[in-house]
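Q: Take this structure first; my questions come after.
Derivation of every value follows stated rules applied to the coordinates shown; laboratory data play no part. This is a predicted model, so every value here is computed, not measured. Here the Cβ positions follow ideal geometry from the backbone for every residue, glycine too, while neighbour counts run over all protein chains shown.
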Amino acid sequence: MFMLKARPKPVRIDPARTAVVVVDMQNAFASAGGMFDLAGIDISGAAPAIEANKRLLAAARENGVPVVYLQMSYKPDLSDGGDISSPNHHKELGMVMMRERPELHGKLLIDGSWDWRIVDALKPEAGDKVIRKSRYSGFCDTELEAYLRTRGTRYLLFTGVATNICVDATARDAYSREFWPILVEDAMNHSGPDFNRQSTLWNFENALGWVTTTDMVVAALRTEPAEALPT
């Protein structure tokens, strides 16, 4: 067990039962010319979040902590995006933009497209797990839970975008499934006003999990194990 400095208080985690979950670090959400950028959403926070992820993922891999990538994705025919009866059809940004702007049809979050790809700086490496999802939560109709259960994973370090949407949705579901959700705040970027970020962090710090930083995770992985506690 390792002691990880976090808010509201330090938490002991077992690296052998921990995974880093990188949520939607795709061109759509983090690159100029991607979906968020085209929609006028400020992506200036993406670059520092990418740099934080690079440091965190390097430390995780060096210490044998699995890295799981979640990747928002739709089939070219949008058959997994939901029909008109689905709230996803009406609310998910890519679905909405492709209907309202015909020149974008087939280009946002579509399997194999540039927009869909994970940013070059954070490309998955051998041994990493990539899990495709078509809803905000990475637990919705995916293999994520089965993959984590098979490995005996309990502690989840969340990074990615958007703090207040897909990270939030996935980490909330993790909490309800008895995983320990820990948000790495500087390795994430939010959408919309900053109060969205603040609200998500407050909720996890006070009710749903823990909040930490990349430096704290790296330091914890490089320290001697703390005294073990029952898990």
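Q: Quick one: which of Glu103, Glu145 is surrounded by 13 or more Cβ atoms within 10 Å (Cβ to Cβ) and either without any contact (Cβ under 8 Å) to a residue 24 or more places away in the chain or not in a loop (DSSP other than H, G, I, E, B) (or both)?
A: Just one listed residue meets the conditions, Glu145.
Q: Could you look through region 176-196, keep only residues that are crowded, with 24+ Cβ neighbours inside 10 Å and in contact (Cβ under 8 Å) with a residue 40 or more places away in the chain, and pick out the one that is nearest to Ala46 (Cα to Cα)?
A: Asn189
Q: Follow-up question, since we're still on this one. Which residue, of Asp111, Asp83, Asp115, is exposed (fewer than 13 other Cβ atoms within 10 Å of the Cβ) and either in contact with a Ser or Thr (Cβ under 8 Å, 6 or more places away or on another chain) or closer than 19 Å to Met188 by Cα (or both)?
A: Asp111
Q: Continuing with this model, one more query. For region 1-38, name all the residues that are closer than 21 Å to Ser137 by Cβ and among the hydrophobic types (A, V, I, L, M, F, W, C).
A: If the condition is that a residue be closer than 21 Å to Ser137 by Cβ and among the hydrophobic types (A, V, I, L, M, F, W, C), then Ala19, Val20, Val21, Val22, Val23, Met25, Ala28, Phe29, Ala30, Met35, Phe36 are the ones that fit.
Q: Take the residues in region 197-222 that are charged (D, E, K, R) and without any contact (Cβ under 8 Å) to a residue 60 or more places away in the chain; name whichever of them is surrounded by the most Cβ atoms within 10 Å (Cβ to Cβ). Write out each step before concluding.
A: To start, the set of residues in region 197-222 that are charged (D, E, K, R) comprises 197, 205, 215, 222.
Adding the requirement that they be without any contact (Cβ under 8 Å) to a residue 60 or more places away in the chain leaves 197, 215.
Details: Arg197: 20, Asp215: 14.
Per the stated criteria, the residue is Arg197.
Q: Would you confirm, using the coordinates I've provided, whether Gly160 is within 21 Å of Ala30 (Cβ to Cβ) and assigned to a loop (DSSP other than H, G, I, E, B)?
A: no
Q: Take the residues in region 106-124 that are in a loop (DSSP other than H, G, I, E, B) and without any contact (Cβ under 8 Å) to a residue 40 or more places away in the chain, then tell me which one is farthest from Val96 (Cα to Cα).
A: Of all residues in region 106-124, those in a loop (DSSP other than H, G, I, E, B) come to 106-109, 111-117, 119, 123-124.
Add one more test, that the residue is without any contact (Cβ under 8 Å) to a residue 40 or more places away in the chain, and what stays is 106-107, 111-113, 123.
Details: Gly106: 12, Lys107: 12, Asp111: 17, Gly112: 19, Ser113: 17, Lys123: 27 Å.
Step by step, filter region 106-124, then rank; the result is Lys123.
Q: Okay, next question. Which numbered condition trips up Asp173, out of (1) buried (at least 19 other Cβ atoms within 10 Å of the Cβ); (2) under 14 Å from the mean Cα position of the chain (by Cα)?
A: (1)
Q: Just the residues that are within 27 Å of Asp83 (Cα to Cα) and aromatic (Phe, Trp, Tyr), please, taken from region 131-184.
A: Once the filter is applied, which keeps residues that are within 27 Å of Asp83 (Cα to Cα) and aromatic (Phe, Trp, Tyr), region 131-184 yields Tyr136, Phe139.
Q: Quick one: which of Gly138, Gly127 is over 19 Å from Arg61 (Cβ atoms) and assigned to a loop (DSSP other than H, G, I, E, B)? Outline the logic, then answer.
A: Values: Gly127 fails: over 19 Å from Arg61 (Cβ atoms).
The unique qualifying residue is Gly138.
Q: Is there any pair with a first residue in region 71-91 that is closer than 16 Å to Cys140 by Cβ and a second that is of a type in the set (A, V, I, L, M) and in a loop (DSSP other than H, G, I, E, B) whose Cβ atoms are under 7 Å apart and which are 6 or more apart or on different chains, and what are they?
A: Met72/Leu109; Ser73/Leu109; Tyr74/Leu109
Q: Within region 163-173, track down each residue that is farther than 16 Å from Val67 by Cβ and either in a strand (DSSP E or B) or of a type in the set (A, V, I, L, M, F, W, C) (or both).
A: Ile165, Cys166, Ala169, Ala171
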